[in-house]
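Worksheet for the structure shown next.
The values are calculated or read from the model by the stated rules, or taken from the named source; none is laboratory data. Just so it is clear, the model here is predicted, and its values are computed rather than measured. Cβ placement follows ideal geometry from the backbone for every residue including glycine, while neighbour counts extend to all protein chains displayed.
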Ligand code: ATP
């Protein structure tokens, strides 16, 4: 299959993939060639694609996945291949979010900070699986 991951800024990845595993809002799905056509919302999570037998992680900050069984397209606000992830930046983002959650926050701010925490944890997870 052809896998393409796109954000507003750039094409993050264009690759052949033997299988794609992604976290949807309802749980993980595995996509193999000839999968039934599908569009599904993604959770913030680590997508993995198999290429030449190796599983490679990509941090995906939610969005939409679409497949017709031959191509898999992911459209997301932000996504990074594991090797692009700056682990120190993600650690700072995680520490900042955790510190903010210990303070007084409005409900809206709590949601925003929790989302930032999820993004940072996802980036660290993708990086960990890569190394
Ligand atoms: P930060 O607080 O560190 O900016 P963030 O979660 O608020 O993190 P996003 O808004 O999700 O960042 O992303 C903004 C841009 O920065 C996107 O292009 C994203 O790919 C990139 N980005 C964010 N964090 C990292 C990271 N740790 N390593 C590499 N690129 C990152």
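Within the stretch 96-122, residues that are more than 25 Å from residue 82 (Cβ to Cβ) sit with their Cβ atoms under 7 Å from residues that are within 16 Å of the ligand (Cβ to nearest atom), at 6+ positions apart or across chains, in these pairs: 100/113; 101/113; 105/113. Residue-level check: of (1) under 20 Å from residue 12 (Cα atoms); (2) more than 9 Å from the ligand (Cβ to nearest atom); (3) surrounded by 14 or more Cβ atoms within 10 Å (Cβ to Cβ), residue 52 misses just (3). Using the structure shown, decide if residue 22 is under 20 Å from residue 120 (Cβ atoms), assigned by TED's automatic domain parsing to the domain that holds residue 120, crowded, with 17+ Cβ neighbours inside 10 Å and at pLDDT 95 or above. No, not satisfied. Here the stretch 2-32 is the region considered, the condition is being under 19 Å from residue 84 (Cβ atoms) and outside any strand (DSSP E or B), and the residue that is nearest to the chain's Cα centre (by Cα) is 7.
Residues in the stretch 90-115 that are touching a helix residue (DSSP H, G or I) at 6+ places or on another chain (Cβ under 6 Å) and either over 23 Å from residue 43 (Cα atoms) or within 14 Å of the ligand (Cβ to nearest atom) (or both): 90, 93, 94, 97, 100, 113. Within the option set 57, 33, 8, 41, being modelled with pLDDT of 95 or more and farther than 22 Å from residue 119 by Cα holds for one residue only, 33. With respect to the conditions (1) touching a strand residue (DSSP E or B) at 6+ places or on another chain (Cβ under 7 Å); (2) within 23 Å of residue 9 (Cβ to Cβ), residue 92 lacks only one, and its number is (1). Per the conditions (1) under 20 Å from residue 5 (Cα atoms); (2) in a helix (DSSP H, G or I); (3) modelled with pLDDT of 95 or more, the sole criterion not satisfied by residue 95 is (1).
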